[in-house]
Each structure stands twice: as C-alpha cells, then as structure tokens.
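Since the structure comes first, as structure tokens, the remarks are kept for the end.
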Amino acid sequence: MSTDSFELLPNAHPTADAIREDILANPGFGRHFADHMAHVRWTLDAGWHGREVRPYGPLTLDPAAAVLHYGQEIFEGIKAYRHADGSVWTFRPEKNAERFRRSARRLALPELSDADFIGSLKALLAQDHAWVPTPAGEADESSLYLRPFMIASEKFLGVRPAHEVDYYVIASPAAAYFKGGVEPVSIWLSSHYKRAAPGGTGFAKCGGNYAASLAAQKEAEKHGCGQVAFLDARENKWLEELGGMNLFFVYQDGRLVTPRLTDTILEGVTRDSVLTLGRDEGLTPEERPISIDEWHEGAASGEITEVFACGTAAVITPVGELVTEEDRIRLAGADGNPIAKRLRTKLLDLQYGRAEDTHGWLTRLT
Ligand SMILES: *Cc1c(COP(=O)(O)O)cnc(C)c1O
C-alpha cells in the first residue's frame, strides 16, 4: 500500500503559490485542478501496472477509444479535509474502493485493489497537499475534492469489454457545493424520465447514469428547481434518489427513513454514515420503500417533519419543497430543519477532526 510504487514525474510548471492561494480563497466547485494526477494502466495481458503521479494535463486518446463511443467508464467522489493541525485526512475510502469495484464489475471493467485505490490518493496528496484548503472556521466547508475514474482507452470499435483501460485521480479544490449552505432546496419530481431501471446500472457510479439524468435536470430548472427526484421505473410510485444524492425522511416520532438499497439506488457512503450517526443521536433508522403518496400525506399531516438529501459533494441539504406536475409539497422549513442540521454538523465535525472519530472512519493522507 506504500506510495513508493507510484513513480513521480514532477510538474515542471506548477501553479505559482500566489495564484494557488487566490484559487483556494474562492475555489467554487470543479473548476480548478491541482498540479498532478495519479495514473495506473491496465491491459488484459499485463494487468495493473505503470503506477505514476504525473503533471495534470490533457489526455491523449485515440478517436476510436471505446469510452468515447460506448461510455465504458466509472468514477468516484471523495474529499480530502485539512484538520486544524495541518494534517490531511479522508473519509471511509475503503467504502469508495469497494464501490468502485462493484461499479467496475457492472461496467465490465477490471477491478482495482484497495491498495491501489487508497495508494493513488496518498501518492497524489504527497505531491499536491498544498491544494487542500485550510478552512477559515467551522462554517468554512472547503476541501480538496478527489475524482478517481476509469476509462476504456482501447482503440477498437467492436462492442466488447476493452482490453486496455486507464485509471486516473484528479483533484479539485472545492467550496461548499450549494452556495446557500443549508438553505433548503426545491426539488422537481421527474414523473417521466427515469434514472435507473432494474437490472441496469443505477447502483454503479458511471457517467452514463449522469448523462441519462441531464434531460430531467433541464426540466427541473425550467420549473425553478435545482435538483431532480426520481421514481422507480416499474411502478412510477417509489422514491429512489436524486440525480446524485440519496434521500432521507424525518418523522415526528424519531424515525429516520431512507429507501432500501436495490440495484436502482446508488449506495452512498454519506447515506450509510447518516444511518449510523442517526442511531447515535437516538433516532430510529429504517431502510424501506417509501412512496410519493407517503411523502404527500406525511407532509400534509405533519408526520414527516423534514426531508433531506445527502452525498459527499453537498454533505446534507434540506429539501424545502417537492414540485410536481400537479402541485407543490412544502415541508417544515419554518422549523428550520433541526435534525438535518444536527446530523450535518456531526458529520462535518468528524470529517474536519473536530469530534472524536469513534467509528474509525478517518484515514490520514498526509
Ligand atoms: C455519488 C452518488 C451518491 C452519493 O454517494 P456518496 O458516497 O454519499 O457521495 C448518491 N447518488 C448517486 C446517483 C451518486 O452518484
């Protein structure tokens, strides 16, 4: 697992300190990139080899590379957090490594070991640790967003799993995902478009799922919403998740409900962590199907007090209202989403090293 096995090809023209500091002061999301990237190559004959950390920059891909035609690609999203003592940590990377292998199996890509997945993050951070923002205070949720991904790079137009594959990790400094922080978001209920179907790729983190969600995202924006909630493809009745975040429902009696995992739901690391932290907080987690009617009725009766979405990029974000073709379901809002806020604070305190890591969820990167 040592980073020694990653050969370093240093960037001869790294970003000047002053420019990097300017970027880190206002990074936005996904717009700026650290000076290096990690890379491991795979071929059918040689397996994984050629581990390196090299200058960040454009890839040379043959126009016939399979990924450009058939979308054989998977990715991950994970963050590096700087603690008050300057050390840099990441959160439950073995969960992402395991999910990356699940995604790989579904997309017929080769599986990457924990050692290479976590080793690549460590090797990259060994070079680019200066790109991890130093939070100015507890309200500052800046971090270095890490994006591991794997592509079918073989030059071949036949339809079959590629015999040549490349794995990379790039890193992008990030401020809070939603500018409003914990301001509740409006969500559009997509009753026509589906994100995932049984037997499909919904549980895998692959670019194709996101491509398939963009038309619904455009529809959401037309209705003044920032995100889309998807229903199941079979009955058009059960809530699954948002385009890139899992959903939770808080009940007046302390139940914390999230749709149970199926092959049409992406198993979020944040989702799993919220279930554990919810239990720690005295809530009663339940993983079960939840219908759009239950949301309607629970919001109307006051039995459902909060709904929130969660994921690595946006942490925990309260849902203020659900907009459908017919109506709008408004939620608590006025009560200020206390449970979502409490869980959010707990999670952030852990990630930024302000609370004791009682579940052993942190891994030191540098
Ligand atoms: C990545 C992702 C999530 C959230 O997963 P985390 O591990 O919590 O970041 C949820 N849904 C979809 C579709 C995703 O791609």
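The values are calculated or read from the model by the stated rules, or taken from the named source; none is laboratory data. Given the structure is predicted, the values throughout are model-derived calculations rather than measurements. All Cβ positions, even for glycine, are placed from backbone atoms using ideal geometry, and neighbour counts span all protein chains on display.
Structural remarks
- Of all residues in segment 60-81, those that are assigned by TED's automatic domain parsing to the domain that holds residue 130 have Cβ atoms under 9 Å from Cβ atoms of residues that are more than 16 Å from the ligand (Cβ to nearest atom) and in a helix (DSSP H, G or I), 6 or more apart or on another chain, in 61/67; 61/68; 62/68; 72/66; 73/67; 80/125; 80/129; 80/131.
- In segment 1-40, the residues that are buried (at least 17 other Cβ atoms within 10 Å of the Cβ) and within 29 Å of residue 109 (Cβ to Cβ): 3, 6, 11, 32, 33, 34, 35, 36, 37, 38, 39, 40
- Verdict on residue 280 being of a type in the set (Asp, Glu) and within 22 Å of the chain's Cα centre (by Cα): no
Conditions tested, residue by residue: (1) within 20 Å of residue 362 (Cα to Cα); (2) touching a helix residue (DSSP H, G or I) at 6+ places or on another chain (Cβ under 7 Å); (3) away from the ligand (no atom under 16 Å from the Cβ).
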site	(1), (2), (3)
72	no, yes, yes
90	yes, yes, no
115	yes, no, yes
120	yes, no, yes
123	yes, yes, yes
136	no, no, yes
142	yes, no, yes
146	yes, yes, no
158	no, no, yes
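- Sub-8 Å Cβ pairs linking a first residue in segment 192-207 that is under 18 Å from residue 148 (Cα atoms) to a second residue that is part of a loop (DSSP other than H, G, I, E, B) and more than 14 Å from the ligand (Cβ to nearest atom), at least 6 apart or interchain, are 206/71; 207/71, ordered by first then second residue.
- Residue in segment 98-111 that is outside any loop (DSSP other than H, G, I, E, B) and more than 21 Å from the chain's Cα centre (by Cα) present: no
- Test for residue 353: is it among the small types (Gly, Ala, Ser) and in contact (Cβ under 8 Å) with a residue 12 or more places away in the chain: yes
- Failed item in (1) under 30 Å from residue 346 (Cα atoms); (2) in contact with a Phe, Trp or Tyr (Cβ under 9 Å, 6 or more places away or on another chain), with residue 86 passing the rest: (2)
- Members of segment 1-45 that are β-branched (Val, Ile, Thr) and more than 19 Å from residue 172 (Cβ to Cβ): 3, 40, 43
- Considering each residue of segment 16-26 in turn, none proves to be closer than 14 Å to residue 167 by Cα and without any contact (Cβ under 8 Å) to a residue 60 or more places away in the chain.
- Applying the condition of being surrounded by 20 or more Cβ atoms within 10 Å (Cβ to Cβ) and of a type in the set (D, E, K, R) to segment 139-173 and asking which residue is farthest from residue 32 (Cα to Cα) yields 154.
- Restricting attention to segment 10-62, the residues that are part of a strand (DSSP E or B), among the β-branched types (Val, Ile, Thr) and within 21 Å of residue 155 (Cβ to Cβ) total 2.
- Only one of the numbered conditions (1) closer than 23 Å to residue 164 by Cβ; (2) more than 16 Å from the ligand (Cβ to nearest atom) is violated by residue 100, and that is (2).
- Residues being within 14 Å of the ligand (Cβ to nearest atom) and of a type in the set (S, T, N, Q) - total across segment 185-243: 6
- One residue alone among 269, 257, 315 is away from the ligand (no atom under 13 Å from the Cβ) and within 23 Å of the chain's Cα centre (by Cα), and that residue is 257.
- Here residue 38 clears all of (1) of a type in the set (A, V, I, L, M, F, W, C); (2) in contact with a helix residue (DSSP H, G or I) (Cβ under 8 Å, 6 or more places away or on another chain); (3) over 24 Å from residue 365 (Cα atoms) except the condition numbered (3).
- Condition check for residue 56: surrounded by fewer than 22 Cβ atoms within 10 Å (Cβ to Cβ) and more than 28 Å from residue 314 (Cβ to Cβ): no
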